[in-house]
1. Enumerate the pairs (first residue in segment 382-411 and open to solvent by 10 Å² or more (accessible area, probe 1.4 Å); second residue anywhere and part of a strand (DSSP E or B) and of a type in the set (S, T, N, Q)) with beta-carbon separation below 9 Å, excluding pairs fewer than 6 apart on the same chain, so at least 6 apart or on different chains.
2. Quick one: in segment 402-416, which of the residues that are within 13 Å of LYS473 (Cβ to Cβ), touching a strand residue (DSSP E or B) at 6+ places or on another chain (Cβ under 9 Å) and of a type in the set (A, V, I, L, M) is nearest to ligand 2 (Cβ to nearest atom)?
3. Hey, VAL117 hits all of (1) aliphatic (A, V, I, L, M); (2) part of a helix (DSSP H, G or I); (3) farther than 27 Å from VAL217 by Cβ but one; which does it fall short on?
4. Tell me, yes or no, whether segment 155-174 has at least one residue that is away from ligand 1 (no atom under 15 Å from the Cβ), crowded, with 24+ Cβ neighbours inside 10 Å, among the small types (Gly, Ala, Ser) and farther than 18 Å from PHE480 by Cα.
5. Find the helices (runs of 4 or more DSSP H) located wholly in segment 1-103 whose residues include 1 or more that are over 16 Å from the mean Cα position of the chain (by Cα) and hydrophobic (A, V, I, L, M, F, W, C), and list them.
6. What do you reckon, is THR362 hydroxyl-bearing (Ser, Thr, Tyr), in contact (Cβ under 8 Å) with a residue 12 or more places away in the chain and farther than 27 Å from GLN87 by Cα?
7. Only one residue in MET49, MET79 is open to solvent by 10 Å² or more (accessible area, probe 1.4 Å), more than 14 Å from ligand 2 (Cβ to nearest atom) and at pLDDT 90 or above. Which one?
Amino acid sequence: MGQQVPVLILREGTKREKGKGAASGNIAAARAIADAVRSTLGPRGMDKMLVDSMGDVVITNDGVTILKEVDIEHPAAKMMVEVAKTQDQEVGDGTTTAVILAGELLKRAEALMDSGVHPTIINQGFRMASEHALKVLDGLGEPVSVDDRATLRKLAMTSMASKSASGSKEMLADIAVDAVRAVAERRDGKMVADIDNIQVVKKQGGAVEDSELIEGVIVDKEAVHQAMPKRIEKAAIALLDCALEIKKTEVEAKIEIRDPGQMQLFLAEEEKNLKKMAEKVRASGANVVFCQKGIDDIVQYYLAKSKIYAARRCKKSDIEKLAKATGAKVISKLDDISKEDMGKAGLVEERKIGDDRMTFVTDCPGAKAVSILIRGGTEHVVDEMERSIHDALSVVSAAVEDGRLCTGGGSTAIELALKLRDFAGTVGGREQMAVQVFADAMEIVPRVLAENAGLDPINVLIELRKAHMAGQKHAGINVFTGKTVDMKAEFVLEPTRLGKQAIESATEAASMILRIDDVIASKSGGMPGGKKGKMPPPGGED
Ligand SMILES: Nc1ncnc2c1ncn2[C@@H]1O[C@H](COP(=O)(O)OP(=O)(O)O)[C@@H](O)[C@H]1O
Ligand SMILES: [Mg+2]
């Protein structure tokens, strides 16, 4: 053999990190994400203030919101953000939990790797552990039905416990439960509660207590003309996605008018055409019009004269909701308008909300439609309220759909840890070590809950383990008193889906990150340790 010639396969400037360096760089970045949201967990968690490059401020406690707002460059860190996003999509709550669980799994896996266990073995152990944990969770869960308002209410309250809207929790919980129950239906023997059918409308001003649940659709538009009626019973609704004005020509056109008489004629002709438009609407029997495009002043005048309520420039999504709720067909050509296309509603009304006027369409015959109108003093309050309501709607709908719930406050996590340690004993080989480590990682939830409450995490964990060993399956940490209490009796409840999804996505993300032993980053890409990808050092050591 001759002399070895180095073969270059990567473009110049490509950065590459292999083996231990790659793994620890990725783990450090991922853990930094977990540490970033750690302090927000639980009712005594803190909020974060995020300022974007435009100077806009968001104040929140919501894991996924924080991670979505922050500009993250590192590829492994981005995978952690995906954990939060998946949790948000699948459950809608528990985003912080899922992320800190993934971070803890990685931290403990790294220690195992340092003591010589291969990542593949760790991943196998993690997979076995997570499968077992999901089974245990199913067994721990308790049934809940859609008719159990009181329990669903507690579930909603738990999800909002950590949000700053806590003051008006009871009222918001009622709204959330009623809203989900209104859209819940049995389909092929299964409960479905699609919260996409619940419209959440924010309107700054007033007090949080002025928030309300509306059985119907809210359109954030007012009547286009002062003289229009503000209240229409037995509404016949036309939905238009064509304009009620004369189209400006696409190409530039010039009309030459030589004498005032011609001018008069031209204007009269135009007015005649516009009047005809209003006449067509009136002839169709509509007494309410929602138009996606504009409505000319003259048309407005004639509509008002015919006592027709009209709103213009409505959002497409609102038009679609109205179509579903009222049974109207969207009309794209005014000439095609007919009686059959009309939707129905018991009442269409313009109401003054704060400084604005909005249109409320209630008593609809079509698909179930409910809306939640959120009020609050400032934009920040209204925004965080919206996030709170979103969490509450999500957990209630998850519980209604699956019919199962677990207890919170770290109780389920400790029970899982206990059961997983038992399970580890039955697993042979080195995988056993990984199962053991997985069990330890589960305890991160009560640990952080205690930490954020200013309690001593070690003492809390010892107490909790003792209680669970003695068979108290629901023993968790009361973050206000520091005492070990029965979370079922305290009504700290979560849908079982929350824990399951958190375990699944945390395990998946940790495994994916652990499997990487080579990072090849092109010139412009982020790189562990590189300038762009640099993450703050992980803190929050125990
Ligand atoms: N009253 C309570 N006492 C103790 N723990 C609670 C209480 N209410 C909620 N929790 C716990 O707080 C955690 C949720 O905190 P949260 O900040 O909403 O994070 P996440 O983004 O994971 O939902 C859960 O572990 C839940 O069990
Ligand atoms: Mg939550």
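The values are calculated or read from the model by the stated rules, or taken from the named source; none is laboratory data. These figures come from a predicted structure and were not determined experimentally. Methodologically, a virtual Cβ is constructed for each residue, glycine included, from the backbone with ideal geometry; neighbour enumeration extends over all protein chains shown. We work out accessible area using only protein heavy atoms, side chains counted, and drop any ligands, DNA or RNA first. Shrake-Rupley method; radii C 1.70, N 1.55, O 1.52, S 1.80 Å.
1. The qualifying pairs are ASP383/THR60; ARG387/THR60.
2. Taking the candidates together, the pick is ALA413.
3. That leaves (2) as the condition not met.
4. No, there is no match, as no residue in segment 155-174 is away from ligand 1 (no atom under 15 Å from the Cβ), crowded, with 24+ Cβ neighbours inside 10 Å, among the small types (Gly, Ala, Ser) and farther than 18 Å from PHE480 by Cα.
5. On the way: elements: 19-38, 63-69, 75-90.
Helices (runs of 4 or more DSSP H) meeting the threshold: 19-38, 75-90.
6. Working: hydroxyl-bearing (Ser, Thr, Tyr): yes; in contact (Cβ under 8 Å) with a residue 12 or more places away in the chain: yes; farther than 27 Å from GLN87 by Cα: yes.
Answer is yes for this residue.
7. Values: MET49 fails: at pLDDT 90 or above.
Only one candidate passes the filter, namely MET79.
Yes/no per residue for (1) surrounded by 18 or more Cβ atoms within 10 Å (Cβ to Cβ); (2) under 30 Å from GLU350 (Cα atoms):
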| site | (1), (2) |
| --- | --- |
| ASP220 | no, yes |
| MET228 | yes, yes |
| ILE232 | yes, yes |
| LEU240 | yes, yes |
| ALA253 | no, no |
| ILE257 | no, no |
| MET263 | no, no |
